Amino acid sequence: MKTAMLKLTALAAGCLLSLSAAAAAAVNFTSEVTGVKADGYTVNGISFYNTVTSGYMEVDDYQFQSNGKAIAANDDSNGNALKMTFSPTSVISMAFGNDDPFFTNPGDLALLQVFNGATLVGFSSVVLNRDDEMNQSISFNGDSFDSAIFSYVDPSFNPYTGGGADINIGLIEIIDNISLVPEPETYAMLLTGLGLLGFMARRRKESAV
């Protein structure tokens, strides 16, 4: 009986930890080691990829272009972007920076596309304020999705490979403070599990009387 109760306690603790983790996955890179990161680099359940094999990702403190440490998709002259994969969700948001006025044109956009598998679920866009600071954000709220791609594009949504004062240099995507909200089903499953554990614990207590 004592062993059974210990098992129930351990299961309950596991459910509580899962519920806490599911509450909202958030990534701000504060505790991450700076440097170049390989495709598949994962922080708090979010895995990152550069969409072009010749590009690379790097975590660093980009000063006013980021809020402390952030992740960047480098070598943007080839039109690359930053891809993220994660457990299914319906809400995502993030801050972005490095919208340098020397390498952008008025009307250029930050673009966030979300996918369920290979199917495009939807997208959102924000016009760059072109002040080179991380003081804008972008988000999507809609049907379930399990991956997202963030990129800079022109007003016609063409991949951004250069503009502004230097047409041969693209714009490196820098993002931070990425937040995901789990789907309602995730909460329901975890809370149901906790309810069953509580019921079993009460039954065992009554049997012992």
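The values are calculated or read from the model by the stated rules, or taken from the named source; none is laboratory data. Please read these numbers as outputs of a predicted model, since none were measured by experiment. For neighbour counting, all protein chains shown are included, and Cβ atoms are generated from backbone atoms with ideal geometry for every residue, glycine included.
Listed values, structure above:
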quantity: The listed residue being free of Cβ contacts under 8 Å to residues at least 60 places away in the same chain and under 23 Å from residue 61 (Cα atoms), out of 128, 120; calculated: 128
quantity: Residue within the stretch 128-147 that is surrounded by 18 or more Cβ atoms within 10 Å (Cβ to Cβ), at pLDDT 95 or above, closer than 17 Å to residue 48 by Cα and not aliphatic (A, V, I, L, M) present; calculated: yes
quantity: Close pairs (6 angstrom Cβ cut-off, 6 or more residues apart or separate chains): at positive phi in the stretch 38-57, outside any loop (DSSP other than H, G, I, E, B) and of a type in the set (Lys, Arg) anywhere; calculated: none
quantity: Matching residues in the stretch 37-88 - criterion: being polar (S, T, N, Q), surrounded by fewer than 21 Cβ atoms within 10 Å (Cβ to Cβ) and assigned to a strand (DSSP E or B); calculated: 42, 47, 74, 85, 87
quantity: Single residue of 89, 51 found to be among the β-branched types (Val, Ile, Thr), closer than 29 Å to residue 182 by Cβ and modelled with pLDDT under 95; calculated: 51
quantity: Scan of the stretch 124-149 for residues that are in a loop (DSSP other than H, G, I, E, B) and either among the polar types (S, T, N, Q) or at positive phi (or both), ordered by number; calculated: 129, 130, 132, 135
quantity: Whichever residue in the stretch 81-100 is under 8 Å from the mean Cα position of the chain (by Cα) and of a type outside the set (Phe, Trp, Tyr) and, among such residues, is farthest from residue 125 (Cα to Cα); calculated: 85
quantity: Residue check for residue 115: touching a strand residue (DSSP E or B) at 6+ places or on another chain (Cβ under 8 Å) and surrounded by 17 or more Cβ atoms within 10 Å (Cβ to Cβ); calculated: yes
